[in-house]
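Below you'll find the structure, written out as structure tokens, and then a few comments.
What follows is calculated from the coordinates using simple rules that are stated; it is not laboratory data. Here the structure is a predicted model, which means the values were calculated and not measured. Cβ atoms come from the backbone with ideal geometry, glycine included; neighbour counts cover every protein chain shown.
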Amino acid sequence: MATVFSHIISKRFSQEYENITTDSLAFILQNSQSARNGMMKLIRGVIPDMPELRFRTQQTTRQTKNIIRPDMVGMDDEGKPRVFIENKFWAGLTDKQPNSYLTQLAEYTNPAKPTILLVVVPEAREHIVWNDLNLRLKEDGISVRERETSSGRIVYSITTGIGPILAVTSWTRLLLSLDDEVAEDPTARRDLFQLRALCDEAESNDFVPISPAMVSDQRTPAFILQLNSIVQASIHKAVNDDVLNLSGTAPRAKWDRIGRYANISPGKAIGFYLGVNFRLWKTYGRTPLWLVFSDSQWGRARQVMSLLEPWADKEGIFTKLVDDEFVVAIDMPFGEEKDEVIKSVVERLKEITYVLRELTVQPVKTE
């Protein structure tokens, strides 16, 4: 249910959802002991003996090489950080998340004083954000150990090899934890109602009013054109490398995607759509580039899925069956020149075609 507060934010400040919800949550925790009790119960679902904490927002902390700024910090009575809380809605991870945050927390971690990086996301993003977090850990060689929590409101939890615990929960679960404790606190209950309405608004897929900044930002069309050039150049290189062939296929744009169809070489035993998929990009966030295998004799989505899923799980690549189409995220390297990005995309296509080689050799026969 919308409130005046959530209505104004969605109309005027929709680009600031994460900052405003963080400040609102901090206000509630700073002014209500019962709300703090709820937050501590959530945190103690990860570390049962965590002492009482004071919560502050946007606390800048300095590492040897990095300056990081967690959305919220929970500090113990010695003024030492024990919990970093990073709040997300639809924004992706920054370059420093989670590894720089974990490295900073590791400076305050010991067996007597465990620490937590808690990432709060919409329920719809729990799995994809968790995959992205684990991929970042793997890229930096940070080992992990699975762990159990005593709270059903902590979705995922692991102990990292450098010390801190990494955990994920949702806004819904966090707010329920607070709601359990504020029944006798009418002021906190009213404030929490406002925050819940704001979170519901931020998580919804409703139309976001167009702002002058959105329209005048020429970086948006420039980025879309850049992505399209990467798709075209990657397909051209893949054809030259005999990874793909374009026989009988064509470029195709729809309302939610721009790209083209292609066949896996040799022959035309199986094919897919490769391009910028706006709907998948918006829903899962991970990358703008996607392979889409249709549920047809040509795309053979479920047979492709049976082969690619085990490989993708092992490699940390996101895949999903969406409306009978099997989709594969094509991750792009950050901070690289165009040629390196194209090379990375083509290498991923080579890996996928190798896994699917038995399908290309033995196409399914029709009755």
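Rounded, prolate or oblate, given the Cα gyration tensor of the chain, with a/c below 1.5 counting as rounded? Display every interim value, and only then the final one.
On the way: a/c = 2.18, a/b = 1.79, b/c = 1.22.
Prolate.
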Straight-line reach from LYS138: which aspartates and glutamates have Cα under 16 Å away, leaving out those fewer than 8 places along the same chain?
ASP95, GLU146, ASP313, GLU315, ASP331
For a quick check of your reading of the filter: which chymotrypsin sites (Phe, Trp or Tyr not before Pro) in the stretch 127-221 sit in a DSSP loop and have no more than 13 other Cβ atoms within 10 Å?
PHE207
Spelling out what I want: for every residue of the stretch 303-317, take phi, set θ = phi - 60°, compute 6.51 cos²θ - 1.76 cosθ + 1.60 (Karplus), and round to whole Hz; glycine and proline get x.
5, 4, 4, 4, 8, 7, 4, x, 5, 5, 4, 5, 8, x, 9
May I ask for the distance between the Cα centers of the stretch 216-243 and the stretch 87-113, given as a whole number of Å?
33
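I need to check one value: relative contact order of the chain, counting alpha carbon pairs closer than 8 Å and at least 6 residues apart, in percent.
On the way: 590 pairs, mean separation 48.2, N = 367.
Rounded, it is 13 percent for the chain.
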Count the lysine pairs in the stretch 219-361 that are 8 or more places apart or on different chains: how many have C-alpha atoms under 22 angstrom apart?
12
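Just how large is the dipole of the stretch 4-203 about the Cα centre, in debye to the nearest 20, putting +1 at every Lys and Arg Cβ and -1 at every Asp and Glu Cβ?
Details: 25 positive and 28 negative charges, 76 e Å.
Its charge dipole is roughly 360 debye.
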For the chain, with only Lys/Arg (+1) and Asp/Glu (-1) charged at the beta-carbon, what is the dipole magnitude about the Cα centre, in debye rounded to 20?
520
Treating the angle as unsigned and between 0 and 90°, give the value, to the nearest 10°, between the Cα long axis of helix 338-355 and the longest Cα principal axis of the chain.
70
Centroid-to-centroid separation of the stretch 116-148 and the stretch 246-275 [C-alpha atoms, Å]:
33
Counting sequence-distant residues (5 or more places) and residues on other chains, those with an amide H built under 5 Å from that of VAL119 are GLU86, ALA167, VAL168, THR169
Determine the principal axes of the Cα atoms in the stretch 185-305, then give the extent along each, sorted from largest to smallest and rounded to whole angstroms.
69, 38, 21
Cα-centred dipole magnitude for the stretch 219-361, charges only on beta-carbon of K, R (+1) and D, E (-1), debye, nearest 20:
420
Under the rule of at least 5 residues apart or a separate chain, name every residue whose amide H is placed under 5 Å from the amide H of VAL322.
VAL327
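Given axes a ≥ b ≥ c from the Cα gyration tensor, I'd like to know whether the stretch 117-266 is rounded (a/c under 1.5), prolate (a/b larger than b/c) or oblate. Don't jump to the answer; show the numbers that get you there.
Working: a/c = 3.07, a/b = 1.62, b/c = 1.90.
Here the stretch 117-266 falls in the oblate category.
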